[in-house]
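Participant: Here it is: the structure, laid out below.
Just so it is clear, none of the values below were taken in a lab; they were calculated from the coordinates. Bear in mind the structure is a predicted one, so any value in this text is a computation, not a measurement. Backbone-built Cβ (ideal geometry, glycine too); neighbour counts: all protein chains shown.
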Amino acid sequence: MARDGKNNRPSRSDRDEVELIEKLVAINRVAKVVKGGKRFGFSAIVVVGDGKGRVGQGTGKAREVPEAIQKATERAKRYMIRIPLREGRTLHHDVTASHGAGLVHLRAAVPGTGIIAGGPMRAVFEALGVQDVVSKSIGSSNPHNMVRATLQALQDISSPRQVAARRGKKVGDLVGRRAHGEV
């Protein structure tokens, strides 16, 4: 693995080797009124994830669509967060969160359920690597609010390991043994 000479960390190119999933959520044409008329630009919302529990969201504005998407993608990569997943496929527990007028409910699901979610929320789950989840959006259908509310809900999820560490207990003390076939 290549190393930077200064701080002995992996170089930036090594960190970017992980294949990232980029999902374009929405593009919006925006106008600025100036003396000679209107100047049009574009804003883009992009969700980026590694499919293994890391996801980020970014927005970008530019005069051309590709530039707006590139800005949004770079911002999403910069602000990626790690989300604990159960068995690498679903959420640990049900959660609700809101942003602005958007309210989302996320529920863990049994294997084979798939992703039951609307457009902006589906993009977040696909980039995150969640395979089984049931979600519902209530209130605003604005993609900005839906994506941010979904990320807020995901940040509120705690794994049994995190809860046990917070309480100073063992994971086995918190989670009872499941009978075979029970979820």
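Participant: Please give the charge dipole size of region 18-81, origin at the Cα centre, charges +1 on K and R Cβ atoms and -1 on D and E Cβ atoms. Round to the nearest 20 debye.
Facilitator: Here region 18-81 has a charge dipole of around 440 debye.
Participant: Over region 57-183, what relative contact order in percent results from Cα pairs under 8 Å that are six or more residues apart?
Facilitator: Worked out over region 57-183, it gives 23 percent.
Participant: Could I have the simple spin-label model distance between ALA31 and GLU67, label points 7 Å from Cα toward Cβ, reported in nm to one decimal?
Facilitator: Distance between the two pseudo-spin positions: 2.0 nm.
Participant: Need one number: nm distance between label points at VAL163 and THR113, each 7 Å from Cα along Cα→Cβ, rounded to one decimal.
Facilitator: Spacing of the two 7 Å Cα→Cβ label points: 1.6 nm.
Participant: Starting from the amide H of VAL25, placed 1.01 Å from N in the peptide plane, find each other amide H under 5 Å away whose residue is 5 or more places distant or on another chain.
Facilitator: Amide H to amide H, under 5 Å and 5 or more residues apart or across chains, VAL25 pairs with ILE45, VAL46, VAL47.
Participant: Given charges of +1 on the Cβ of Lys and Arg and -1 on the Cβ of Asp and Glu, with all other atoms neutral, how large is the dipole of the chain about its Cα centre, in debye to the nearest 20?
Facilitator: Around 680 debye, computed over the chain.
Participant: Would you kindly state the longest site-free stretch of the chain, with sites defined as GluC sites (Glu not before Pro) in a DSSP loop (not H, G, I, E, B) surrounded by at most 12 other Cβ atoms within 10 Å?
Facilitator: 88-181
Participant: Per residue Cα convex hull volume for region 18-81, in cubic angstrom?
Facilitator: In region 18-81, the Cα hull volume divided by residue count equals 68 Å³.
Participant: Would you mind classifying the chain by shape? Square roots of the alpha carbon gyration tensor eigenvalues, ordered a ≥ b ≥ c; an a/c under 1.5 is rounded, otherwise it is prolate if a/b is larger than b/c and oblate if not.
Facilitator: Oblate shape, in that a/c is at least 1.5 and b/c is the bigger or equal ratio.
Participant: Can you tell me the 0 to 90 degree angle between the C-alpha axis of helix 143-155 and the longest principal axis of the chain, rounded to 10?
Facilitator: Result, in degrees: 30.
Participant: Sticking with this structure for a sec: Could you compute how fast region 84-171 diffuses translationally, taking Rh as the Kirkwood radius over C-alpha pairs and applying Stokes-Einstein at 25 °C with viscosity 0.890 mPa s? Give it in µm² per second.
Facilitator: Estimated diffusion coefficient is 186 µm²/s.
Participant: Can you put MET146, MET80 in order of Cβ neighbours within 10 angstrom, beginning with the fewest?
Facilitator: MET80, MET146
Participant: Restricting to DSSP H runs of at least four residues, report the calculated mean residue ellipticity at 222 nm for the chain, -39500 (n - 2.57) per run over all residues, nearest 500 deg cm²/dmol.
Facilitator: About -8000 deg cm²/dmol.
Participant: Give the peptides 92-102, 32-42, 156-166 in descending order of average Cβ contacts within 10 Å, highest first.
Facilitator: 92-102, 156-166, 32-42
Participant: Let me ask another. Pairs of alpha-carbon atoms within less than 8 angstrom and 6+ residues apart define the contacts here; what relative contact order does region 18-81 have, in percent?
Facilitator: Once normalised by length, the contact order is 29 percent.
Participant: Here's a follow-up. Running a GNM on the chain with Cα contacts under 10 Å, which residue among GLY58, GLY139, GLY129 ends up with the highest mean-square fluctuation?
Facilitator: The residue that fluctuates most here is GLY139.
Participant: With +1 on each Lys and Arg Cβ and -1 on each Asp and Glu Cβ, and nothing else charged, work out how big the dipole of region 84-171 is about its Cα centre, in Debye to the nearest 20.
Facilitator: 420
Participant: Using θ = phi - 60° and the Karplus relation 6.51 cos²θ - 1.76 cosθ + 1.60, list the HN-Hα couplings for region 166-175 in order, rounded to whole Hz, with x at every Gly or Pro.
Facilitator: Coupling constants for region 166-175: 5, 8, x, 10, 8, 4, x, 6, 8, 9 Hz.
Participant: Of the listed pairs LYS35/LYS71; LYS23/LYS71; LYS38/LYS61, which have alpha-carbon separations greater than 22 Å here?
Facilitator: LYS35/LYS71
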